[in-house]
Amino acid sequence: MLAELISSQLVRTVVLGAALLGAIAGMLGAFAVLRRQSLLGDALAHAALPGVCLGFLIAGARDLGSIMAGAFFTGALAALAMMAITRTTRLKTDAALGIVLSVFFAVGVVLLTYLQGVGGAASAGLASFLFGQAAAILASDLWIMGGVGLAALALVLALWKEFKLVSFDADFARAQGLPVTALEATLTVMVALAIVVGLQLVGVVLMVALLIAPAAAARQWTDRLGVMVALSAAIGALSGAGGALVSATTRGLATGPVVVLIATAAVLVSLMLAPGRGLIWQALAARRARARITEARILRAMQELAQAHGDARYPSEQGMLAASLGQPPDPRNFAALERRGLIRAVPHPPETTRHWELTTQGHDAAAAPDAERGR
């Protein structure tokens, strides 16, 4: 089945286009996530819709080059409008983004409605830019995607140190004399380019998800920027290719939403399983920490009982320890302490309940600062 799909020229074109778009969006989305500007991608994506309509009006037909140029123009205009609002008014960035997003998208919907009413059959496909239409991708479009991807990669590599510093500490970068505004504008333009490239495949509504989801997933797995950017690009490419293949196997299933769902699934898996950051790892770490604290309290309680009775090998009974700790100890804690060689089970006739005594190592561990803190 897979070999049959790959043999189709259309499927190969869509899969390659989706992979290229995912890689570009993932690479650039990493910087947007680190700069806490995820909503910026959403605003630029929605602001591209009036540009799509303007490109159609200027070209007089559904010409992809004109539409992409128009989308890029209105996206850049939206970014400038957002910067003007935040710098000339008291509004915060989130309010400015909300205003720009709603106003530009409203204008785009009005233009789209008008064109569909008077533009004839040529404008009928413009609505596909809302949610994307992967089947419309041509082999010539891949060259555009590849060119944009190579240009973005070259720019990222050329300005790697500058982008890295601006993403993590813009104030320090400004103090070092770097043109922070120009660098941020460059990153914004690159994000706008990624959005424009993805309009035909994913659409203006879902493009922000493909821009942010791979980066959010990659962030869970690493603390290094280089690894994060590469991993984000890889997750984006795999999501794109996987979504295109899944869509090709089911009749009538749109590619864009499937790509976004796969990227979102990658985020959920990363949130759950990523070492150190994942929810499961954090839950296990918290459980281990609680167990260590309880074990330290048991050791200290046994040592106090031994000191009170003047016998370093005094056998402590579970009931005594429960009274000392204020709650019955978990048998698993005793098993863990025995495995570590800190306590050992001993008989205490005629009593039949279990008793434990501290080993030499157990006395040393009970007297350690960690045991005091655990208490």
Treating only Lys and Arg (+1) and Asp and Glu (-1) as charged, each at its beta carbon, one finds that the chain has a dipole about its Cα centre, in Debye to the nearest 20, of 200 debye
What are the extents of the Cα atoms of the range 67-118 along their three principal axes, in Å, largest first? 41, 19, 13
Given the options Val346, Leu268, Gln307, identify the residue whose Cα lies farthest towards the positive end of the charge dipole of the chain (+1 on Cβ of Lys, Arg; -1 on Cβ of Asp, Glu). Gln307
So for the range 140-296, using the alpha carbon gyration tensor with a ≥ b ≥ c as root eigenvalues (a/c under 1.5 gives rounded; past that, a/b versus b/c decides prolate or oblate), I'd call it oblate
Counting only other residues whose beta carbon sits under 10 Å from that of Leu34, what net charge do I get with K and R as +1, D and E as -1? +4
With no solvent and one equal point scatterer per Cα, compute the Debye intensity ratio I(q)/I(0) for the chain at 0.10 Å⁻¹ and report its log10, rounded to two decimals. -0.70
What Kirkwood radius, in Å to one decimal, follows from the Cα pairs of the range 281-374? 13.4 Å
Here the tail fraction of P(r) beyond 20 Å, over all Cα-Cα pairs of the range 158-219, rounds in percent to 40 percent
Considering all projection directions equally, how large on average is the shadow of the alpha-carbon convex hull of the range 85-202, in square nanometres? 9.9 nm²
Total charge of the residues flanking Ile85 in space, meaning their Cβ is under 14 Å from its Cβ, with Lys and Arg +1 and Asp and Glu -1, is +2
Can you list the DSSP H helices in the chain whose Cα atoms extend at least 20 Å along the helix axis and whose mean Kyte-Doolittle hydropathy is -1.0 or higher? 9-34, 38-59, 64-88, 93-118, 139-158, 180-198, 225-249, 255-273, 279-308
What is the range 1-80 by shape, rounded, prolate or oblate, if you read a ≥ b ≥ c off the alpha carbon gyration tensor as root eigenvalues and call it rounded for a/c under 1.5, prolate for a/b larger than b/c, and oblate otherwise? oblate
Extreme residue, positive dipole direction of the chain, given options Ala286, Thr359, Ala78 (C-beta unit charges): Thr359
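A short reminder: the numbers here are calculations on the coordinates, not readings from a lab. Since the structure is predicted, the reported quantities are computational estimates derived from the model, not experimental observations. Cβ sites come from the backbone with ideal geometry, for glycine too, and all protein chains shown count toward neighbours.
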